[in-house]
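The values are calculated or read from the model by the stated rules, or taken from the named source; none is laboratory data. These figures come from a predicted structure and were not determined experimentally. Reconstructed Cβ throughout: ideal geometry from the backbone, glycine too, with neighbour counts over all protein chains shown. Ligands, DNA and RNA are stripped out before the accessible areas are found, and what is left, the full protein with its side chains, is counted by its heavy atoms. Shrake-Rupley method; radii C 1.70, N 1.55, O 1.52, S 1.80 Å.
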Amino acid sequence: MILLNPGPVNLSARVRNALTNPDLCHREPEFAALQENIRTRLLQVYDLAPAAWAAVLFTGSGTAAVEAMISSLVPESGRLLILENGVYGERMSTMARVHGLNHVSLQYPWQAPLDVRRIEACIETCGAKNRRITHVAVVHHETTTGRLNRLDKIGALCKARGIALLVDAVSSFGAEHLDFDAFGITACAATANKCLHGAPGASFVIVDRAALPSLTRRSLYLDLSTHCREQDAASTPFTPAIPAFYALREALAEFDEQGGWRKRHERYATLLGRVREGFMALDIESLLPQEETSIVLNAFNLPRGIDYATLHDDLKQRGFVIYAGQAALAKTLFRISAMGEVTGRDIERLLDAVKQVTATAGA
Ligand SMILES: *Cc1c(COP(=O)(O)O)cnc(C)c1O
């Protein structure tokens, strides 16, 4: 089955095989070496200096890493501005509410870009009781619609005001451009099983060490500082998902051998470019203009006369899993992701399959 959903992804044979590496106790030096290898390689993805940055590993899906980042980094005296133009921005607001953070959310229509002037105005006026905005949280690639939010402009805005930028990079880390310095990123959260092609169960936060709080703790299990401190000491506070860690180490080795994020970017861009071109010939339109989307995933309007369930089920019979739109977009959209062990030949077969399905529906 070819998975065209945005994670979990099809694994390469070598990554799948790594899942059955020997049983291991997480209090043994072999585990410490495994953990350290992953932490080092994660920083190398975007050339970050280990003295200034830490990669902190979590057992859990991408949401665990995002929640660890959001709940750990905004101090009691801080105020968080959350930018929402899709499901994942909304989810960060839910986290802020659950953890009782002092926060404000700026909502945009799900198909709209984040308008920088409105963000700037909010930073000026959305303070509360003499409390200015100290942190901004944004989703880099909003997987809801395939939109790539412009971190350069938002980052510049924050940087000029000394505001910390927290990024949900779950579906962009490893394939999109992330310039931590230029964008002024303080922390970003991501996962093993999207653009890095690992297995589900491991996720991580990359954080500027200077931003790690020493005292406050809002969560026992997801506290970023606790995990970082223990991992720096070649330890871990809880039992990790060791098979997922094995797979991530192998996936990162493969990622390096294949040429890092730039090559992965090219590979996805080629695959999705072919999808867009093939769909256009079948009158299936992209939701967003190409220059506003990621190269990781694109959303398309459903072909005329076919509902999502029919398209999904017919394609699944032919060996492809596509992905539905979320919430209000569920009735009108479907999504195709280029992540994972997917080849150009798979995409040609997909286009053939969609052609057959739409021809049958039209008949
Ligand atoms: C997939 C995704 C997540 C988290 O998903 P999990 O199911 O928890 O791994 C968070 N943010 C974005 C942008 C995503 O695409």
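Scanning region 90-100 for residues that are open to solvent by less than 40 Å² (accessible area, probe 1.4 Å) and free of Cβ contacts under 8 Å to residues at least 60 places away in the same chain, which turns out farthest from VAL170 (Cα to Cα)?
Here the residue is ALA96.
Which of the residues spanning region 283-303 are in contact (Cβ under 8 Å) with a residue 24 or more places away in the chain and either surrounded by fewer than 17 Cβ atoms within 10 Å (Cβ to Cβ) or not polar (S, T, N, Q) (or both)?
ILE284, LEU287, LEU288, GLU292, ILE295, VAL296, LEU297, ALA299, PHE300, ASN301, LEU302, PRO303
Conditions: (1) of a type outside the set (D, E, K, R); (2) within 16 Å of the chain's Cα centre (by Cα); (3) closer than 30 Å to PRO289 by Cβ. GLY60 meets all but one. Number of the miss?
Condition (3) is where GLY60 drops out.
Which of (1) more than 16 Å from the ligand (Cβ to nearest atom); (2) open to solvent by less than 30 Å² (accessible area, probe 1.4 Å); (3) out of contact with any Cys (no Cβ under 8 Å at 6 or more places or on another chain); (4) not β-branched (Val, Ile, Thr) does ALA137 not meet, given it meets every other one?
Checking ALA137 against (1) more than 16 Å from the ligand (Cβ to nearest atom); (2) open to solvent by less than 30 Å² (accessible area, probe 1.4 Å); (3) out of contact with any Cys (no Cβ under 8 Å at 6 or more places or on another chain); (4) not β-branched (Val, Ile, Thr), the one that fails is (1).
Among the residues of region 65-88, is any surrounded by fewer than 23 Cβ atoms within 10 Å (Cβ to Cβ) and either under 15 Å from SER203 (Cα atoms) or free of Cβ contacts under 8 Å to residues at least 12 places away in the same chain (or both)?
No, because not a single residue in region 65-88 is surrounded by fewer than 23 Cβ atoms within 10 Å (Cβ to Cβ) and either under 15 Å from SER203 (Cα atoms) or free of Cβ contacts under 8 Å to residues at least 12 places away in the same chain (or both).
So which residues in region 147-168 are in a strand (DSSP E or B) and more than 12 Å from the ligand (Cβ to nearest atom), if there are any at all? Write out each step before concluding.
If we filter region 147-168 for residues that are in a strand (DSSP E or B), which is where we start, we get 147-148, 164-168.
Selection gives ALA164, LEU165, LEU166.
If only one of THR343, THR332, THR293, THR358 is over 17 Å from LEU3 (Cβ atoms) and at pLDDT 95 or above, which one is it?
THR293
Working only within region 317-348, note down all residues that are in contact (Cβ under 8 Å) with a residue 40 or more places away in the chain and assigned to a helix (DSSP H, G or I).
Residues satisfying the conditions are ALA327, ALA328, LEU329, GLY344, ASP346, ILE347, GLU348.
Sort out for me the helices (runs of 4 or more DSSP H) sitting completely within region 169-282 that have 1 or more residues that are within 16 Å of the ligand (Cβ to nearest atom) and open to solvent by less than 50 Å² (accessible area, probe 1.4 Å).
Those helices (runs of 4 or more DSSP H) span 242-257, 260-281.
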